[in-house]
Amino acid sequence: MPEVFKALSSITVCILFILGWIGVVFAVLGYIGTIVWIGLPPMEMVVIAGIFAAGVVCFILSACAIKLRQLLE
């Protein structure tokens, strides 16, 4: 595999991993803000579940991308 594709796949994995963490953290903060008032506006549970699911999907996609990168070496 050419070096440029290795670099692009590494960047993609990092971005997906960071987006996964951001999604999970926002979902947890939204849930805590909805249950216990900490100054955050209340959010619908469907929105919180969607944000959490998007974060988990980003984690799964980052794992698949790194596995694909390892297979193509």
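Distance between the modelled labels on GLU44 and VAL56, one decimal in nanometres: 2.0 nm (7 Å Cα→Cβ projection).
Potential lengthening of the chain between LYS67 and ILE15 amounts to 17.2 nm, from the contour at 0.36 nm per residue minus the alpha-carbon distance. Any chance you could give the angle, 0 to 90 degrees and rounded to 10, that helix 45-71 forms with the longest Cα principal axis of the chain? The angle comes out near 10 degrees.
Using Cα pairs under 8 angstrom and six or more residues apart, how large is the relative contact order of region 3-71, in percent?
On the way: 64 pairs, mean separation 31.1, N = 69.
Answer for region 3-71 is 45 percent.
Name the trypsin sites (Lys or Arg not before Pro) in the chain that are in a loop by DSSP and that have at most 16 other C-beta atoms within 10 Å, would you?
Answer in residue order: no site qualifies.
As a ratio to 2.2 N^0.38 Å, the alpha-carbon radius of gyration for the chain is 1.43.
Bear in mind that the values in this text are calculations on the coordinates, not laboratory data. Everything quoted here is computed from the prediction, not taken from an experiment. Neighbour counts run over all protein chains shown; Cβ positions are idealised from the backbone, glycine included.
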